[in-house]
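Comments concern the structure below.
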Amino acid sequence: MSKLQSLRGFNDVLPAQAALFRRVFATAADVASRYGYGELRLPLLEATTLFKRAVGEVTDVIEKEMYSFDDRDGVSVSLRPELTAGTVRAGIEHGLLHNQQQRFWYAGPAFRHERPQAGRYRQFHQVGVEAYGMAGPDIDAEVIAFSHRFLTALGIGGLKLEINSLGGLEARANYRAALIAYLERFESELDEDSKRRLHTNPLRVLDSKVPRTKEIVADAPQLTAYLEDESRAHFDGWRQALEDLGIGYQVSPQLVRGLDYYTRGVFEWTTDQLGSQGTVLAGGRYDNLVSQLGGSPSPAVGWASGVERLVLLLEKQQAEAAALDAPQVYFCTLGEAAERRARIVAEDLRHQLPDLRLLLNAGGGKLKSQLGRAEKVGARLLLVLGEAELTAGVVQVKSAIPSHPGDKTGEQLVPFSALATAIAARLD
């Protein structure tokens, strides 16, 4: 019989990492509430036409990466490869975007059939924000300030903000023609993906990671030289707002986004700590997407971040992931009567101390083996209840083995009625 295992690129999230996932989601929710963004929860499955119309038919996502199939009604459906298209669809369907300002945030899984790499899987998770109905650079600055506060609250450092402007439709068309003319001079030297994209999606060539192609595009025309006055003014206003906020940035002319719906300002927070997977959080403007999907025209801007990459950075920068979820207290028991009383005491402690992480020994065992379990899970304090303590109406409270450096006292014998107070004082 073959060994059962997860599908390639579909990873299990084990408890130590799950603690970091929860931390990312909780931080996003907290920052969103401080900025006044409401949570949006979207279906995993949408009509395939939604993504074809939104993302662009000549993008890698549509051509090679979507999980699509016909349902029992013969309708082509797809697991969502990103969440912006679904956000726009929901906004139009529920009448949230016409002549209105809206601020949303979301979190959840998405799916792309691409080559799995560290922090980049076929099932992955995103957190993101979207703002609709506001055309000025002030809202662009706000969503970046949101992202900066979010990353700072997570404790992730060493990131660089890169920005660029893709201009409006006219600027994009003029630049596209100039870029094709330039790249055609080097067509034989381009990598195969870039040759394929040359006449269908040439801006994606700028994002190539192939060394020779990167050398070629380094001298390519710059899109900022083709910006129309309105886009240039927007870009200038956006940069000024970032400077007012004290958020440092670098203008990167080769910065483009992989999805066709982006226009005007685009940005990425990048790192050099994850190898080739340098983008940590990315987004920009997509002012034409709502009308492209059948709604009334509405300007829009937003960003998304891959949670797996954030978790990788947290693990690199903050070593002990498991400590975030480790039990603070391990409750050892000796004898059946002590086990029964400990069960009641443990529930009472959880009620009195709602934030307490307490693990009650199960399955019996000698005290030595229970102490080993306590050490393995990383508990700070031990509670010990045996026949002698039960008779005296007390519980032993002592540092775990090895002793935690933060503990303030040694072994104590604490009455049941004072146990919650004693534990709180030891953990403070």
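Points to keep in mind about this one:
- Phi-based couplings in Hz for the range 77-83 (Karplus 6.51, -1.76, 1.60; Gly and Pro marked x): 10, 9, 5, 4, x, 6, 10
- Most positive-pole-ward Cα, 266, 5, 252, against dipole of the chain from beta carbon charges: 5
- For residue 67, residues with placed amide H under 5 Å, excluding near neighbours: 79, 113
- Over the chain: Rg over Rh, Cα atoms, Kirkwood Rh: 1.09
- In the chain, the DSSP-assigned H stretches of four residues or longer account for a calculated mean residue ellipticity at 222 nm of -11500 deg cm²/dmol, using -39500 (n - 2.57) per stretch and the full residue count as denominator.
- The antiparallel fraction among DSSP beta bridges confined to the range 326-427 stands at about 50%.
- Shown here are the Rg and Dmax of the Cα trace of the range 326-427, at 12.2, 33 Å.
- Hydrophobic, long helices, defined as DSSP H runs whose alpha-carbon span along the helix axis is 27 Å or greater and whose mean Kyte-Doolittle value is at least -0.5, occur in the chain at 15-35.
- Separation of alpha-carbon centers, the range 146-163 and the range 10-48, rounded to whole Å: 17 Å
- When GluC sites (Glu not before Pro) are flagged only if DSSP places them in a loop and at most 16 other Cβ atoms lie within 10 Å, the longest unflagged stretch of the chain comes out as 115-227.
- Between the range 219-267 and the range 82-143, the Cα center-to-center distance that results, in Å: 20 Å
- Sorted fewest first by neighbouring Cβ atoms within 10 angstrom, 147, 298, 291 come out as 291, 298, 147.
- Across 376/398; 64/316; 64/195; 3/64, pairs whose alpha-carbon gap is larger than 22 Å: 64/316; 3/64
Coordinate-derived values only; no laboratory data. The shown structure was predicted, so the numbers you read here are calculated from the model rather than taken from an experiment. So basically every Cβ, Gly included, is an ideal-geometry build from the backbone, and we count neighbours across all protein chains shown.
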